[in-house]
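All remarks here apply to the structure that follows.
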Amino acid sequence: MKRLTHWLAAASLAISAGVAQADDAPVVVELFTSQGCASCPAADVVLAELGQMENVIPLALHVDYWDYIGWKDDFADPAFTKRQKGYARAAGRRSIYTPQMMIGGVYDVVGSRTMKVVDAIHHLADKPARARLSLSRGDDGQIKIHAEPLGTLPEAIVQMVRYTPESRVNILEGENAGQAITYTHIAHGWQVLGVWDGQAPLEMEVSVEGEDPIVVLLQEKDYGPIFAAARLR
């Protein structure tokens with residue numbers, strides 16, 4: 001664990017330096033995981049470590065297709081399984097798996113392969129930002145979303161998701177029976193807010209409840225690249 005933390009800390013400095021030259025555009029890392037998958041805990045650890053990196057937004061999307069093999073994941077959402085299948089269709093794949101990380105909506109990496117994960121993050125962080133996106137909380141409690149293009153952009157799906165920072169689960173059955181696992185960045189309440197034409201500046205307001213952090217993503221249609229993201233904690 002110490003070696004992993006040290007390695008990710010070094011990678012964080014390199015990524016932060018690269019992103020600072022690209023208008024501080026964070027890289028979104030989506031981990032498709034499940035409490036019922038024996039291969040997932042290692043990737044869950046990697047995601048937690050990524051949460052310590054500057055300019056990376058990690059999200060754990062718990063899928064439901066492991067629920068029928070001995071243990072029901074209470075974080076699972078069928079919408080996340082649908083999202084994973086959408087990525088697979090966009091890539092021409094017929095199957096899905098866990099633990100899978102989708103990095104920036106572009107790179108498909110086995111979530112426990114730390115070097116490949118960080119290499120993919122670093123590659124995206126080195127690219128120029130395509131849009132500037134910011135979030136703020138108004139006096140009325142509304143979340144204000146502002147975006148402007150930094151070049152020619154396709155239409156983008158504007159999406160919002162919340163996440164629970166951390167939760168510890170005692171798993172009693174299934175492949176991980178007997179383990180107590182700490183999960184982090186647990187996504188919930190994924191919403192599509194609208195479509196942005198990618199040309200005129202975007203201005204939106206949305207009501208939210210609760211204290212969990214908020215993430216807004218701008219993603220090309222049909223599960224394409226995520227070209228801007230912002231977080232409000």
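The values are calculated or read from the model by the stated rules, or taken from the named source; none is laboratory data. Computed from a predicted structure; not experimentally measured. A quick note on method: Cβ atoms are made from the backbone with ideal geometry, for glycine too, and the neighbour counts reach across all protein chains shown. All accessible areas refer to the heavy atoms of the entire protein, side chains included, with ligands and DNA or RNA removed. Shrake-Rupley method; radii C 1.70, N 1.55, O 1.52, S 1.80 Å.
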key: Two-decimal ratio, segment 37-86, of alpha-carbon radius of gyration to 2.2 N^0.38 Å   = 1.27
ask   = Under a Cβ-Cβ cut-off of 13 Å, what is the net charge of the residues other than Gly70 that fall near it, where Lys and Arg count +1 and Asp and Glu count -1?
value = -3
ask   = Considering only segment 113-233, what is the antiparallel percent among its DSSP beta bridges, to the nearest 5?
value = 100 percent
Lysine pair number, Cα distance threshold 27 Å (strictly under), the chain, separation 8 or more or different chains = 13
query = Within a Cβ distance under 14 Å of Arg89, other residues only, what is the Lys/Arg minus Asp/Glu net charge?
reply = +4
remark   = Per the Cα gyration tensor, segment 121-174 corresponds to an equivalent ellipsoid with semi-axes, largest first in Å, of 32, 21, 11
inquiry  = Under 10 Å, Cα contacts only: if you run a Gaussian network model on the chain, which one of Gln35, Gln179, Gln84 comes out with the highest mean-square fluctuation?
reply    = Gln179
ask   = Toward the positive end of the charge dipole of the chain, about the Cα centre and with charges on Cβ (Lys, Arg +1; Asp, Glu -1), which of Gln199, Ile214, Ala25 goes farthest?
value = Ala25
request  = Give the ranking of Glu209, Glu148 by solvent-accessible surface, highest area first, calculated with a 1.4 Å probe.
outcome  = Glu209, Glu148
key: Antiparallel content of DSSP bridges confined to the chain, in %, to 5   = 85 percent
request  = Using a 1.4 angstrom probe, figure out how much accessible area segment 30-101 has per residue, in square angstrom, rounded to the nearest whole.
outcome  = 40 Å²
message = Using C-alpha positions alone, give me the convex hull volume of segment 100-189 per residue in cubic angstrom.
response = 161 Å³
ask   = Which of the helices in the chain, when you take each full DSSP H run, stretch at least 20 Å along the axis at their Cα atoms and have an average Kyte-Doolittle score of 0.5 or higher?
value = 2-20
key: Full-extension gain in nm, Ser134 to Ser95, via 0.36 nm per residue minus C-alpha separation   = 10.5 nm
note = Using eta = 1.567 mPa s and T = 4 °C, Stokes-Einstein with Kirkwood Rh from Cα pairs puts D for segment 130-233, in µm² s⁻¹, at 85 µm²/s
task = Working from the alpha-carbon coordinates of the chain, get Rg over Rh, Rh being the Kirkwood radius.
result = 0.96
ask   = What is the ratio of the Cα radius of gyration of segment 45-146 to 2.2 N^0.38 Å, where N is its residue count, to two decimals?
value = 1.27
